[in-house]
Amino acid sequence: MQTASTSTPLPRTDPDARVRRGKPRSAAHYAVRRFLRQRLALVGLVIVGFLIVTGFGAPLLAPTGYAEANLMEANQFPTRAHPLGTDTIGHDFLSRVMYGTRTSLMVGFAAVGVALAVGVPLGMIAGLRGGFADFAVMRLVEIMTAFPGLLFAIFLMTVLGPGVGNIILVIGITSWVTICRLMRAQLLTLREQEYVTAARCLGATDLTIAVRHLLPNAVAPVIVAITLAIPTAIFAEAGLSFLGIGINEPTPSLGKMVADSASYIRVFWHLGLFPTVAIALIMLGFSFVGDGLRDALDPRQV
Amino acid sequence: MGRYIAGRLLSLVFVLFAVSIIAFLLMHAVPGGPFAPDEKGRLPEATRQAQLEKFGLDKPLYVQYVRYVGNAVQGDFGVPFQSPTETVTELILRTWPVTIKIGIPTILLAYGLGTVLGFIAALRQNSWLDYTVSFGATLGLVVPNFVVALWLLLFFSVYLGWLDPGGWGEPQHYIMPVVAYALAPMALVARYTRSSILEVLRADYVRTARAKGLAERRVLAWHVGRNALIPFVTILLPEIPNILTGSIFIESVFRIPGLGRFFVTSTQSRDYPMILALVLLIAVLWGITYLITDILYTILDPRIRLGGRAGSL
């Protein structure tokens, strides 16, 4: 602030003051600046980074594999050899929690991928084409909203049976609605913007307008929706596995570990504490990042 | 107004028909059935046929549906396959009150405390109090309720030894489930109350009320409070049916014999009568809640009119 005393001092309340003095930057640059200024979002970013390293790095970092059990060492409280203790059949619990985190992240990312693959094209068709396509998509959306999500997921899971692939599919097809709606709403407003009319006057085809002008502008809210959809999907996985209809042994799942701990919780507190802390960290990390992104990318809707 | 309510109730009946038909078709379309032969072939074919006949499952679907509706309007919802010694009605009457007994204190705690916290946070905007409430609300919304439930269990039952870890029947068994269950809706209530009060505080009519010299307390109670209640009604009342039908997670952690687990066990065991009854129960609860929401709307905000014609209220 002191070095810039030669120019007219800008009001201190302007958050982008320092940035604006330099050469003009891209919108993304300002978004990154706004994001980094939020303490909670940074905390979230650190948490998410830590989880990704420990989760996806589990094969390299974890003391043992997720299915390696040593019955002789079962039911140990945290010790130096097993920092988080061992479970009732002698798995090293730290390894289990790390692999469980990996499962959660994998399901979270993949399920949101499925939701995107369904929601974005449907939302685009509805928003760009209008007419019958819009009508059909919106009725489908309404039917999906009317069904209670968890019940529908339970229903589908009992039909398909447990498993990582199935749970990704089920969470994906129960959660595309938000993204589809958002995409459509974005396109509906953007379609009426003046720059679209301008592009059309210059002779741009519908496809060019959609790809070059509409999509880039619709991306920001969708990114926010994605980051907020990840914790929701992870929550769904933990919940379904907790109920025993999600992921089965030997694949570790945090939700399943929480459910299994319930019978021993009076004695082996560590079996309940560590997986729940991991779930809470995952949820908090992604939500903080999502909230931060929303404030950074779309300052209007805080 | 009376006519409007009657019309809405009539349309609720149609919704129930639609919902029951969809649920009926969907559950029969799914592979497997209550007496489907398992891999081990333990159920002899003759017994299977006899069971199917006994429950009328050998008939064509439309016959089954018409029969179901015929019985249902007379109050007979059939016999749950998973507990054949009682009727569906008896099973729901036995387990639902337990869920409601958890649900009502949950609603009171969530909405009472949530409103107060949101109000305080809004009036002291940007103070440490506001930040604490907002941060707590984020935590409450984000951390799953079974995680909170387990933490309460670990702290109050295992570490301190103050409360039973689960069970049902004594007043102390309410404490942990209600707190764990109320946290998320409370966070939602606090958040919405805060933002809607902040919005109303900046409205012109509040400035007018202050300018004409009304006491601050009266401004808050009459002008701010009442208008801030409108989003409260639309967004937060629909949470109530969710709470009243119970949480499978909470009931499972604290071993509460409520209705919640039947949502899972009924789909798993293809308990057709029970699935239909639960789906209809939820549909009725939603229908009534939306109706009440719309009526409350007009009471809180005279600018909104129901049923189209002006003055029809």
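The values are calculated or read from the model by the stated rules, or taken from the named source; none is laboratory data. If you're wondering where the values come from, they're calculated on a predicted model, not measured in any experiment. In this analysis, Cβ positions are derived from the backbone assuming ideal geometry, glycine residues included, and neighbour counts consider all displayed protein chains. Areas reflect the complete protein model, heavy atoms only, side chains present, ligands, DNA and RNA absent. Shrake-Rupley method; radii C 1.70, N 1.55, O 1.52, S 1.80 Å.
If I filter region A:153-160 for residues that are over 30 Å from B:Ile282 (Cα atoms), surrounded by fewer than 19 Cβ atoms within 10 Å (Cβ to Cβ) and in contact with a helix residue (DSSP H, G or I) (Cβ under 9 Å, 6 or more places away or on another chain), do I get at least one hit?
Among the residues of region A:153-160, not one is over 30 Å from B:Ile282 (Cα atoms), surrounded by fewer than 19 Cβ atoms within 10 Å (Cβ to Cβ) and in contact with a helix residue (DSSP H, G or I) (Cβ under 9 Å, 6 or more places away or on another chain), which makes the answer no.
Go through (1) open to solvent by 70 Å² or more (accessible area, probe 1.4 Å); (2) without any contact (Cβ under 8 Å) to a residue 24 or more places away in the chain; (3) more than 28 Å from A:Gly161 (Cα to Cα) for B:Arg3 and report which single condition fails.
B:Arg3 satisfies all of (1) open to solvent by 70 Å² or more (accessible area, probe 1.4 Å); (2) without any contact (Cβ under 8 Å) to a residue 24 or more places away in the chain; (3) more than 28 Å from A:Gly161 (Cα to Cα) except (2).
Which ones in region B:168-185 are modelled with pLDDT under 85 and within 22 Å of the chain's Cα centre (by Cα)?
Once the filter is applied, which keeps residues that are modelled with pLDDT under 85 and within 22 Å of the chain's Cα centre (by Cα), region B:168-185 yields B:Trp168, B:His173, B:Tyr174, B:Ile175, B:Met176.
Within the set of pairs 6 or more residues apart or between chains, which connect a residue that is among the aliphatic types (A, V, I, L, M) inside region A:189-206 to a residue that is open to solvent by 70 Å² or more (accessible area, probe 1.4 Å) with Cβ atoms less than 9 Å apart?
A:Leu190/A:Asn217; A:Ala199/A:Arg212; A:Ala204/A:Arg212
Whether any residue in region B:116-132 is surrounded by fewer than 18 Cβ atoms within 10 Å (Cβ to Cβ), polar (S, T, N, Q), modelled with pLDDT of 80 or more and closer than 30 Å to B:Ile175 by Cβ is what I want to check.
Yes; the residues of region B:116-132 include at least one that is surrounded by fewer than 18 Cβ atoms within 10 Å (Cβ to Cβ), polar (S, T, N, Q), modelled with pLDDT of 80 or more and closer than 30 Å to B:Ile175 by Cβ.
So which of A:Phe288, A:Phe235, A:Phe242 is within 11 Å of chain B (Cβ to nearest Cβ), open to solvent by 10 Å² or more (accessible area, probe 1.4 Å) and in contact with a Lys or Arg (Cβ under 9 Å, 6 or more places away or on another chain)?
A:Phe242 is the lone residue from the list that is within 11 Å of chain B (Cβ to nearest Cβ), open to solvent by 10 Å² or more (accessible area, probe 1.4 Å) and in contact with a Lys or Arg (Cβ under 9 Å, 6 or more places away or on another chain).
Any residue that is small (Gly, Ala, Ser), assigned to a helix (DSSP H, G or I) and open to solvent by 40 Å² or more (accessible area, probe 1.4 Å) - is there at least one of those in region A:129-143?
The answer is yes; a qualifying residue exists.
Look at region B:191-219 and say how many of its residues are closer than 16 Å to B:Asn126 by Cβ and either among the aliphatic types (A, V, I, L, M) or in a helix (DSSP H, G or I) (or both).
Matching residues across region B:191-219 total 7.
Residue by residue through region B:118-173, note down the ones that are part of a helix (DSSP H, G or I), farther than 30 Å from A:Ile230 by Cα and at the interface with chain A (Cβ under 10 Å from one of its Cβ atoms).
Residues satisfying the conditions are B:Ser157, B:Val158, B:Tyr159.
From the list B:Leu26, B:Leu52, B:Leu57, which one is open to solvent by 60 Å² or more (accessible area, probe 1.4 Å) and not β-branched (Val, Ile, Thr)?
Of B:Leu26, B:Leu52, B:Leu57, the one residue that is open to solvent by 60 Å² or more (accessible area, probe 1.4 Å) and not β-branched (Val, Ile, Thr) is B:Leu26.
Checking the condition within 10 Å of another protein chain (Cβ to nearest Cβ), surrounded by fewer than 20 Cβ atoms within 10 Å (Cβ to Cβ) and not in a loop (DSSP other than H, G, I, E, B), which residue from A:Val258, A:Val267, A:Val277 passes?
A:Val277
Spot the failing condition for B:Gly246; the list is (1) small (Gly, Ala, Ser); (2) more than 10 Å from every other protein chain (Cβ to nearest Cβ); (3) more than 13 Å from the chain's Cα centre (by Cα); (4) closer than 24 Å to A:Met157 by Cα, and only one is missed.
It is condition (3) that B:Gly246 fails.
Out of the helices (runs of 4 or more DSSP H) lying entirely within region A:11-97, which hold 1 or more residues that are modelled with pLDDT of 80 or more?
A:39-56, A:58-61
Could you tell me how many of the residues in region A:49-86 are closer than 15 Å to A:Ala278 by Cβ and open to solvent by less than 20 Å² (accessible area, probe 1.4 Å)?
6
Somewhere in region B:153-160, is a residue touching a residue at least 40 places away in the same chain (Cβ under 8 Å) and either closer than 16 Å to B:Ser247 by Cα or crowded, with 17+ Cβ neighbours inside 10 Å (or both)?
Yes, region B:153-160 contains at least one residue that is touching a residue at least 40 places away in the same chain (Cβ under 8 Å) and either closer than 16 Å to B:Ser247 by Cα or crowded, with 17+ Cβ neighbours inside 10 Å (or both).
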